[in-house]
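What follows is a set of notes on a single structure, which appears directly below.
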Amino acid sequence: MDYSLSILVAALALISLGLSRPARSVNAFFRGQSENAEPPGLLTLTFSQVTTWIFARSLMNAAILGFFYGIWGTLAYAAYYLSFWIGGRIIDKLRFEQGFDSVQAFLQNRFGNWGTRCYNLVIGIRLISEVFANLLVIGILFGTTGSNAYTLAIIAFSGITLAYSLLGGLHASLRTDLFQMMLFLLVLVVLVFVAFGAPDVNLDMLLFKPFELDQPGPILLLVALLQVWSYPMHDPVMMDRGFLADRETTRRSFFHAGWISIACITAFGSLGVLAGAQASAGEAMNTVLARILGEIPLLLFNAALVISAMSTLDSTLSSSAKLVALDMKAVPTTVQNGRLVMVVFMLLGLCCVFLGNKDLFSAVAVSGTASMYLAPVVLISLWGGRTDVPLWSYLASFVLAISGAVLYFTESSGYSALLGDVHKYTKLLWISATLLTSGLLLFWLGCLSAGTPKFKQAEQVG
């Protein structure tokens, strides 16, 4: 199996390298423009949105949550993909109505330098976690944690993806995303037909776990519905793709990316649900899937994870380069410096893999919890148009959200038990609800202290 998967990875790498074109300009490397300075079209932008958000980690999480908590666990994870529709509205308001060319420019306008510093810290952590989590999935596919096969797979895969990312930057990422997404859809359709066509499988198995509000699946669904208001703004890969094309193309790409992603995540996660319905006590998900699917379809299952990891990693590296060179202006905006930033972020991700926590969902939950300080920014400052929210409200919301993320990490990892002996997702729900309520309250109090309301008038742009 590993030998076949290795051949597949090598073939994907060669095709991706062949599709990549050397970026000769800053706009090609950082903004994804073609050699003729043309932005991406609707299909390319939509498929790039989808494949960069259907990470290997996401697919694995959706399947694992389905395996343990039934269809409700998978649907909870799929609910995070409502972020596309909220993110599309964020981009439309921020870019096309108010005329800002980046999220950082908006935050600088509203909250000054501290507005961008807090944001850049959160998304920097987000980008490193994406590198870490996708490399971790690759290692798990090839061997047990710490084994030679595990280590070699991670190092080889990181080198392959880094190579073509360095070559073409965001332009290369968009070109390879289109190919990788089409291949992923083909693999997913085959997997679903094979799984649901198996003799011992029926649709009733999807409901082997009943819907009970006090169970982890439904609780996690509530968490997603709380975090989804801020989640898209803290994801630089999604936000970056909102600044590439014209208004109509951008709107349609976010809309279509939303329903396609939800359908893909639900379909892939249902494979984990089927495995959970037929698992014996103590049996691992991969063991059950091998029994249900057979060797070749299981290879396709692993192939889907490899494809999604590759497509996410190149986009993450592109966004990392844009963050440091273009948005933060920490280094001169040159293609060479962009490539150096990519190398640094890949090395940081590798450090997290070999030295950090191995819980895949922790990266989602921690970054999603930290992002919740942006919920009042979206709801009050952006959509509400309030320009008079004081800096102290923003900073207090930020500190609370970071504290909440740290608290969840320590609680879920067993380092503390301040919230009692309940399931970690129940703790996450309590933390998320508290952060959302507290953030909105802080912004409301800040607006009250500011006196006469000040609103941003919409400016139709582009």
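Here are a few things to note about the model shown:
- For the range 18-61, a residue qualifies if it is under 14 Å from Leu178 (Cα atoms) and surrounded by 24 or more Cβ atoms within 10 Å (Cβ to Cβ), and the qualifying residues are Gly32, Pro40, Leu45, Thr46, Phe47, Ser48, Gln49, Val50, Thr51, Thr52, Trp53, Ile54.
- Test: Ala370 is under 25 Å from Leu82 (Cα atoms) and surrounded by 20 or more Cβ atoms within 10 Å (Cβ to Cβ): yes
- Residue within the range 114-129 that is in contact with a Lys or Arg (Cβ under 8 Å, 6 or more places away or on another chain) and either touching a residue at least 12 places away in the same chain (Cβ under 8 Å) or closer than 24 Å to Leu220 by Cβ (or both) present: no
- If you go through the range 416-442 and keep only what is of a type in the set (Ser, Thr, Tyr) and either in a helix (DSSP H, G or I) or under 24 Å from the mean Cα position of the chain (by Cα) (or both), you end up with Tyr425, Thr426, Ser432, Thr434, Thr437, Ser438.
So that you can scan it fast, the table gives a plain yes or no per residue for (1) in contact with an Asp or Glu (Cβ under 6 Å, 6 or more places away or on another chain); (2) of a type in the set (A, V, I, L, M, F, W, C); (3) in a helix (DSSP H, G or I):
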residue	(1), (2), (3)
Asp204	no, no, yes
Pro218	no, no, yes
Leu226	no, yes, yes
Trp229	no, yes, no
Met239	no, yes, yes
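- Candidates Leu360, Leu313 - the one that is modelled with pLDDT under 85 and either more than 30 Å from Phe455 (Cβ to Cβ) or touching a strand residue (DSSP E or B) at 6+ places or on another chain (Cβ under 6 Å) (or both): Leu360
- Residues (among the charged types (D, E, K, R) and either surrounded by fewer than 18 Cβ atoms within 10 Å (Cβ to Cβ) or within 14 Å of Ser371 (Cβ to Cβ) (or both)) located in the range 211-250: Glu212, Asp214, Asp235, Asp246, Arg247, Glu248
- Considering (1) without any contact (Cβ under 8 Å) to a residue 24 or more places away in the chain; (2) part of a helix (DSSP H, G or I), the lone condition that Tyr164 does not fulfil carries the number (1).
- Of the candidates Ser393, Ser397, Ser416, Ser438, the single residue that is of a type in the set (Gly, Ala, Ser), more than 20 Å from Gly112 (Cα to Cα) and modelled with pLDDT of 95 or more is Ser438.
- Qualifying residue in the range 288-305 (condition: closer than 24 Å to Leu170 by Cα, under 16 Å from the mean Cα position of the chain (by Cα) and in contact (Cβ under 8 Å) with a residue 60 or more places away in the chain): yes
- Candidates Phe409, Phe345, Phe398, filtered to the one that is more than 27 Å from Ala62 (Cα to Cα) and either free of Cβ contacts under 8 Å to residues at least 12 places away in the same chain or assigned to a helix (DSSP H, G or I) (or both): Phe398
- Scanning the range 256-279 for residues that are among the β-branched types (Val, Ile, Thr) and surrounded by 24 or more Cβ atoms within 10 Å (Cβ to Cβ) yields Ile265, Val273.
- Boolean, Val137 is in contact with a Gly (Cβ under 6 Å, 6 or more places away or on another chain), buried (at least 23 other Cβ atoms within 10 Å of the Cβ), among the β-branched types (Val, Ile, Thr) and in contact (Cβ under 8 Å) with a residue 24 or more places away in the chain: no
- Taking the numbered list (1) touching a residue at least 60 places away in the same chain (Cβ under 8 Å); (2) within 28 Å of Ile140 (Cα to Cα); (3) buried (at least 22 other Cβ atoms within 10 Å of the Cβ); (4) not charged (D, E, K, R) in turn, Ser253 passes all entries but (2).
- Any chance Thr52 is closer than 22 Å to Ala163 by Cβ and either at pLDDT below 90 or charged (D, E, K, R) (or both): yes
- In the range 77-88 there is no residue that is farther than 20 Å from Leu225 by Cα, in contact with a helix residue (DSSP H, G or I) (Cβ under 9 Å, 6 or more places away or on another chain), in a helix (DSSP H, G or I) and of a type outside the set (D, E, K, R).
- Residues (within 19 Å of Ile155 (Cα to Cα) and under 25 Å from the mean Cα position of the chain (by Cα)) located in the range 11-48: Leu12, Ala13, Ser16, Leu17
- One residue from Ile7, Ile15 being of a type in the set (Val, Ile, Thr), touching a residue at least 24 places away in the same chain (Cβ under 8 Å), surrounded by fewer than 20 Cβ atoms within 10 Å (Cβ to Cβ) and more than 30 Å from Tyr394 (Cβ to Cβ): Ile15
The values are calculated or read from the model by the stated rules, or taken from the named source; none is laboratory data. On a predicted model such as this, the values are computed, not experimentally measured, just so you know. Please note: Cβ atoms are built from the backbone with ideal geometry, for glycine as well, and neighbour counts cover all protein chains shown.
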